[in-house]
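The values are calculated or read from the model by the stated rules, or taken from the named source; none is laboratory data. Treat the numbers as computed from the prediction; the structure is a model and nothing was measured. Virtual Cβ from ideal backbone geometry, glycine too; neighbours counted across all protein chains shown.
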Amino acid sequence: MVNRHILIVSNDLLLCESIQDKLKNDAADIHCVASVSAAINCLTNTEYCLILLDLQLPSTDKLEMIRILRIIGHIPLMIISNHLEPNELIELYQSGANACLEKPIDTRICAAQAIALIDLYLQSDMDAQKWDARMFGSALIISPRYRQVLMEGKQIELRRKEFDLLHHFALHPYQVFSAGQLYEQVWENPSDISGENTVISHINTLRKKLGKMGPKVIETLRGFGYRFVPPPDSTV
């Protein structure tokens with residue numbers, strides 16, 4: 001049987017324990033955390049096949065929580081909440097939820113839906129590695145599936161080639177690329193002087209959009225080229 005990891009995001013200890021008790025025979029490992037930031041740290045280090053998110057976390061915007069978790073990856077997302085009006089349910093599904101349960105939940109139904117979502121996820125033919133988000137703690141998250149970048153939880157607007165360039169760097173941390181190599185690999189064109197100038201221009205713009213982090217994560221090695229250095233305290 002595939003080793004299954006489930007992440008529960010809730011500060012309701014009784015809720016976590018009841019779900020754990022019902023799923024313990026079906027899941028190899030269940031982690032419970034009490035905040036979205038803690039969830040992001042878990043997702044950085046462990047490959048999960050299901051997230052259960054309690055919308056009643058204090059001082060957190062529910063749609064923002066879903067948006068951040070959805071950007072990170074295509075992991076099935078089950079929402080647990082107090083009573084929801086039809087328009088609220090629609091909004092949650094449109095934001096990326098895969099299933100919604102209202103409190104008080106029936107743990108048997110919760111377990112059945114969880115297992116069904118996990119099975120669909122594990123049977124998926126999607127090239128997961130191709131679309132996996134590159135996560136460097138909460139400092140920087142790069143999602144190729146949604147072509148979005150989050151820096152400290154805030155979305156950074158990048159143009160198409162700026163995103164492609166940053167994603168390429170993040171796929172090869174610490175590897176040094178010349179401007180010509182980057183033009184060949186990201187723009188998929190033979191290198192020439194104008195191409196190298198295009199790369200340099202995009203790197204300068206990308207650094208500006210990343211703010212203070214920019215020059216630190218995209219380093220210049222004079223005479224050699226450029227390399228991506230993951231933000232401090234992140235795990236590669």
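Within segment 198-219, is even one residue part of a loop (DSSP other than H, G, I, E, B), modelled with pLDDT of 90 or more, out of contact with any helix residue (DSSP H, G or I) (no Cβ under 8 Å at 6 or more places or on another chain) and outside the structural domain of residue 39 (by TED's automatic domain parsing)? Walk me through it before giving the result.
Residues of segment 198-219 that are part of a loop (DSSP other than H, G, I, E, B), as a first pass: 210.
Next cut, modelled with pLDDT of 90 or more only: 210.
Retained after the next criterion (residues that are out of contact with any helix residue (DSSP H, G or I) (no Cβ under 8 Å at 6 or more places or on another chain)): none.
Within segment 198-219 (the criterion being part of a loop (DSSP other than H, G, I, E, B), modelled with pLDDT of 90 or more, out of contact with any helix residue (DSSP H, G or I) (no Cβ under 8 Å at 6 or more places or on another chain) and outside the structural domain of residue 39 (by TED's automatic domain parsing)), the answer is no, since none of the residues qualifies.
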Of (1) among the hydrophobic types (A, V, I, L, M, F, W, C); (2) in contact with a Lys or Arg (Cβ under 8 Å, 6 or more places away or on another chain); (3) under 30 Å from residue 97 (Cα atoms), residue 229 satisfies every one except (3)
Of the residues in segment 128-160, those that are buried (at least 16 other Cβ atoms within 10 Å of the Cβ) and under 18 Å from residue 205 (Cα atoms) come to 140, 142, 148, 149, 150, 151, 156, 158
Could you say whether any residue in segment 105-115 is outside any helix (DSSP H, G or I) and either among the small types (Gly, Ala, Ser) or over 30 Å from residue 173 (Cα atoms) (or both)?
yes
Show the residue pairs that are 6+ apart or on different chains and have beta-carbon atoms under 7 Å apart, the first residue being within segment 163-178 and farther than 20 Å from residue 198 by Cα, the second being part of a helix (DSSP H, G or I).
none
(1) surrounded by 15 or more Cβ atoms within 10 Å (Cβ to Cβ); (2) more than 12 Å from residue 50 (Cβ to Cβ); (3) polar (S, T, N, Q): which one isn't true of residue 113, the others all being true?
(2)
Check whether at least one residue in segment 71-87 is modelled with pLDDT of 80 or more, crowded, with 18+ Cβ neighbours inside 10 Å and of a type in the set (D, E, K, R), and report yes or no.
no
Selection within segment 175-195 - among the charged types (D, E, K, R) and within 14 Å of residue 161 (Cβ to Cβ)
184, 188
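Yes/no per residue for (1) in contact with a Gly (Cβ under 7 Å, 6 or more places away or on another chain); (2) closer than 19 Å to residue 44 by Cβ:
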residue: 100; (1), (2): no, no
residue: 133; (1), (2): yes, yes
residue: 144; (1), (2): no, yes
residue: 148; (1), (2): no, yes
residue: 159; (1), (2): no, no
residue: 162; (1), (2): no, no
residue: 174; (1), (2): no, yes
residue: 186; (1), (2): no, no
